[in-house]
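Take a look at the structure set out below.
What follows is calculated from the coordinates using simple rules that are stated; it is not laboratory data. Values in this document were obtained by computation on a predicted structure and should not be read as measured data. Positions of Cβ are generated from backbone atoms using ideal geometry, with glycine treated the same way; all protein chains shown enter the neighbour counts.
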Amino acid sequence: MQRRTVLKTLTTGAASLGLSKLQGRGILNGALAPLGNAGRFEPTWSSLANYQVPEWYKDAKFGIWAHWGPQCQAEYGDWYARGMYQEGSDQYKYHVQKYGHPSKFGFKDIIHEWKAENWNPEELVSLYKNAGAQYFMALANHHDNLDLYKSKHQPWNSTKVGPKKDIVGLWAKAAKNNNLPFGVSVHAAHAWSWMETSQRADKNGPYKGIPYDGKVTKKGGAGKWWDGLDPQELYAQNHPLSENSLDNGMIHRQWNWGNGVAPPTKAYCENFYKRTIELIDNYHPELIYFDDTALPLWPVSDAGLRIAAHLYNKSIKDHGHLRAVVFGKILDEQQRKCMVWDIERGQSNQIEPFPWQTDTCIGDWHYDRRVYDRNRYKSAKTVIHTLIDVVSKNGNFMLNIPVRGDGTIDEKERAIVENITAWMKVNSEAIYGTRPWTVFGEGPAMESAAPLSAQGFNEGKGKPFTAQDIRFTQKGRVLYATLLGWPADNKVVIKSLNGKNKVEAVELLGNQTKLNFEQTSNGLAVQMPAVQQGKEAFVLKLYGAIS
């Protein structure tokens, strides 16, 4: 996942790469040729703007994600394949202690250690389905550039190295067996600059000046486990460093292929395109999450536009209508019509006109043993509250459950999933198939909502939710008012229902008795049961002329 905090606009990024050159290639003005295959979408922003988010996705609301790959093998957190080459960092120190110096034991060797020996995709996906997930997403590749599926365009893939298993294929089979729409997340477009740390060498100590393995070639593999493979097809480092590459934070400011990033070659862009088309054609995902500003490699290449158009056209061909969903970050007004806007680790502060998605994790994106040891996972309560808040604003919620290198989740994660399951069994009707009401909610948390920064990252920055915080969803003539805490005096007043909308009956989900209520100009006062029913959040089902 991305941890960048500063990004330039699309225009700035394009300008830094040569605006006139891009216009001359027909990229910025949309003058691209139609796809060769039959279909109504062409690889242009104007054509993709005809996209309509499918109803199944609008209804689904909740998905679970396995952001799992070889970087989880070390169990030492996010972006390990980059951080292990940053001299003096926690990950570098851990790597040297556990595996050896990165000039001798590089990321390619971490891949070799990864065996996924205890992985049971059927059991995990079934667990997530039972918890209420309406779609499942698997990592197809990360910025580390290893494809987790059989690929004729990337020799470094999980069927040939590491676990020697078709990770995506087995996840897809499990999703199908559980009747869940299957998605993939694709991050590898950025390996070009993201792996530049592997070109470095220590500045201090006994290995001073000895290069890490980022420039190693096929020739160096003679007699080694990777004999016959070219590490440059993994690391993609046969190019000059980007400007200020030694600044570890520069990657964030160059994410949009601007600010002095080393421009990727046409061959690199086309290889990424072919790998992704192969993924779509062979594994038939209905959702693709791109960890990119807008689409992959935009604006230096039209590869992302071609991929999106191909997916949409294939979906229409396969199903007779469009079922596919593409997610992108930091979208302008036109781009939000072309795909679903994804906010990483954050939420919108209003009801959005188009469906959108929050993606977040109960811990780090890649499994981190320190999170487990220090009890730093998000609680089920936090997850449920976030889901409720997001759905009230026309959003979907995708949750990552970190997976260990061996393919298992730990008992603390499992307990969180089971608590989510218990809540969803009682209250999911206030989530699935709903739409926003006239307002998304009320209460003190709204007054201190943190603004979005970059692609999101406002998660947990506002006031904690209390019993005074209420979120609304509706379905037909039913309004759901979800209380994010149990009122201390067993009585709640919903100010938004101050007589303009006639309420005829009130129920508490999980409790079959009708509740007493009074509706005045001050709001709807509801007498809750004397004993708290359930935990985490409490859904009032309201009947009447309230739509």
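I'd like the chymotrypsin sites (Phe, Trp or Tyr not before Pro) in region 173-262 restricted to DSSP loop residues with at most 13 other Cβ atoms within 10 Å, sorted by number. Can you show the working numbers first?
Numbers: sites: Phe182, Trp192, Trp194, Tyr207, Tyr212, Trp225, Trp226, Tyr235, Trp255, Trp257; in loops: Tyr207, Tyr212, Trp225, Trp226, Trp255, Trp257.
The qualifying sites are Trp225.
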Report, for the chain, the % of DSSP beta bridges that are antiparallel, rounded to 5.
50 percent
Centre separation in Å (Cα based) which lies between region 188-206 and region 135-154
21 Å
Point-to-point label distance, Lys425-Asn248, nm (Cα→Cβ direction, 7 Å offset)
4.5 nm
What FRET efficiency comes out for the pair Asp281/Asn179, r = Cβ-Cβ distance, R0 = 25 Å, nearest 0.05?
0.65
Of the trypsin sites (Lys or Arg not before Pro) in region 165-220, those whose Cβ has at most 12 other Cβ within 10 Å and which sit in DSSP loop
Lys203
Charges on Cβ only, +1 for Lys and Arg, -1 for Asp and Glu, centred on the Cα centroid of region 338-416; of Thr360, Val383, Gly395, which one is farthest towards the dipole's positive end?
Val383
If one computes the Cα centroid of region 213-258 and of region 380-406, what distance in Å separates the two points?
34 Å
Sequence-separation-based contact order of the chain, relative, with Cα cut under 8 Å and 6+ spacing, percent
17 percent
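Given the -39500 (n - 2.57) contribution per DSSP H run of 4+ residues, what per-residue ellipticity at 222 nm results for the chain, rounded to the nearest 500 deg cm²/dmol?
Calculated mean residue ellipticity at 222 nm is -7500 deg cm²/dmol.
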Leading residue at positive end of dipole, the chain (Cβ point charges), from Gly220, Gly407, Asn204:
Gly220
Cβ-based net charge around Pro181, under 15 Å, with every Lys or Arg adding one and every Asp or Glu removing one:
+3
So how strong a dipole does the chain carry about its Cα centre when Lys and Arg Cβ are +1 and Asp and Glu Cβ are -1, to the nearest 20 debye?
340 debye
Would you please classify the overall shape of region 201-259 from the alpha carbon gyration tensor, given that a ≥ b ≥ c denote the square roots of the eigenvalues, rounded means a/c under 1.5, and beyond that prolate means a/b larger than b/c while oblate covers the rest?
oblate
Return the distance in nm (one decimal) between the two label points of a simple spin-label model at Glu117 and Ala49, each offset 7 Å from Cα along Cα→Cβ.
5.6 nm
Computed lengthening from Ser379 to Glu418, 0.36 nm per intervening residue step minus Cα-Cα distance:
12.9 nm
For Ile316, what is the net charge nearby, where nearby means another residue's Cβ is under 10 Å from its Cβ and Lys, Arg count +1, Asp, Glu -1?
+3
Extension gain, Arg40 back to Arg370 (0.36 nm per residue minus Cα-Cα distance, nm)
113.9 nm
Between Thr520 and Lys152, the two model label points (7 Å from Cα along the beta-carbon direction) sit apart by a distance in nm of 7.5 nm
Applying the gyration tensor rule to the Cα atoms of region 473-512 (axes a ≥ b ≥ c; rounded if a/c under 1.5, else prolate if a/b exceeds b/c, else oblate), the class is oblate
Considering amide H positions built from the backbone, and no H for Pro or chain starts, which residues 5 or more places from Val439, or on another chain, come under 5 Å of its amide H?
none
